[in-house]
Amino acid sequence: MILTPTAPEKQPENHYSQFLHDVLDGLSATPKHLQSKYFYDEQGDKLFQDIMNCPEYYLTGLEMEIFTQQTDLLAHTIRKGGEPFDLIELGAGDATKSIHLLRKLVEMGAHFEYMPIDISGHVISELEATLPISVPGLKLTGLKGEYFEMLAKASAISDRRKVVMFLGSNIGNMPVEDAQEFCNSLRQHLSAGDMLLMGVDLKKNPNTIRAAYDDKGGITKAFNLNLLTRINRELGADFDLSQFDHFCSYDPENGACKSYLISLSEQVVKIQGKSIRFEKDEYIWMEISQKYTIDQVDEMAQRAGFTPADHIFDSKHWFVDAMLVAV
Ligand code: AVI
């Protein structure tokens, strides 16, 4: 089941004004930057699917290995906290990883309800239509909206124990301080005994990490450039894509993997009447994909008010799904 999370939906008026505001804000700053959350239009979703299938991008395959090879362990760890529970997935997408866990839990007769949260109504309606067929017996309530609003709604719907999944190393797309803030807010939306299962990409050979974000086939470059195409289409800008190159860096000391677009010439780009000037070789910071040590994951969790209960690794110990219990 392949979904295009954001595509078929008409974007509301305020989406465009927020998008325009964020783009102008970021490109007027020094250094220039754009927000990677805007990567995911219809074409961006397709390119991200291609990235997940490209040989250098190891993250998806490794977390999939955890969900397919260690399904029993995941299910037992979750059930240890008691039943019934709501299994809430933040940014559920097409649930390709979690479906293995859902099947196992249903097979075991676990008393739970699956609550996928996604900003896209298309994603939620696809999951509601398909998952109960592929996982017979599954109880599902889809929640369309922002993570924290929907978490509050989930608590209003039921007083069952909550198990929140935040997979795919999405936490890595926040700078370290924002990631800490995010974990703190998650904790505030949970009660003692609730759980958080968080997928995190770990520090490893710097060359392996860099290659994952600078693939030979140029898909990651196209993924970054696609945001300029989106700005051209949705905000009437005139970026000339041939005048930008992609650059990626990984700093093994602080674990920050960063993607940039580099202006190949001195140029002026117009966005809704506003002129944005680029020097030759000036960069736009596009994305962070932060890598952690396992100790750093635990420290972040503890500072937020969670106790690390289990670390479920892939066979190479490159990726972890950390099971954290709210205290
Ligand atoms: C979605 N996120 C976890 C991906 C990552 O690894 O940071 C996005 C991505 N950007 C380039 N390649 C993949």
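No lab work stands behind these numbers, since they all come straight from the coordinates. The structure presented is a predicted model; accordingly, all values stated were derived computationally and were not measured. Please note: Cβ atoms are built from the backbone with ideal geometry, for glycine as well, and neighbour counts cover all protein chains shown.
Here are a few things to note about the model shown:
- Pairs over the 23 Å Cα-Cα cut-off, from the set 46/203; 291/316; 162/204; 32/144: 46/203; 162/204; 32/144.
- P(r) histogram, all alpha-carbon pairs of the range 4-156 included - 5 Å bins from 0, percent: 2, 8, 14, 17, 19, 16, 11, 7, 4, 2, 0, 0
- P(r), alpha carbons of the range 133-217 - 10 Å bins starting at zero, rounded %: 13, 37, 28, 18, 5
- The C-alpha atoms of the chain define a longest principal axis, and helix 42-53 lies at about 70 degrees to it.
- With neighbour counts taken as other beta-carbon atoms within 10 Å, the residues 229, 293 rank, fewest first, as 293, 229.
- Whole-number D in µm² s⁻¹ for the range 14-70, Kirkwood Cα-pair radius fed into Stokes-Einstein, 37 °C, 0.692 mPa s: 237
- Euclidean distance of C-alpha centroids, the range 277-327 and the range 70-105, integer Å: 20
- Within the chain, helix-based [θ] at 222 nm, where runs of 4 or more DSSP H residues each add -39,500 (n - 2.57), nearest 500: -12500 deg cm²/dmol
- Legend: ranking of residues 54, 183 from fewest to most surrounding C-beta atoms inside 10 Å; resulting order 54, 183.
- Taking the Cα atoms of the chain, the ratio Rg/Rh between the radius of gyration and the Kirkwood radius comes to 0.97.
- Rounded if a/c under 1.5, otherwise prolate or oblate - the range 70-180, Cα gyration tensor axes: rounded
- Relative to the dominant Cα principal axis of the chain, helix 13-28 is inclined by about 60°.
- Taking 1.567 mPa s as the viscosity and 4 °C as the temperature, the Stokes-Einstein diffusion coefficient of the range 216-305 based on its alpha-carbon Kirkwood radius rounds to 86 µm²/s.
- Principal axis extents of the Cα atoms in the range 182-228, from largest to smallest and rounded to whole angstrom, are 46, 31, 13.
- Degrees separating the helix 98-108 axis from the principal Cα axis of the chain, which is the longest one: 10
- Cleavage-rule hits (trypsin sites (Lys or Arg not before Pro)) in the range 152-245: DSSP loop, at most 10 neighbouring Cβ within 10 angstrom: 216
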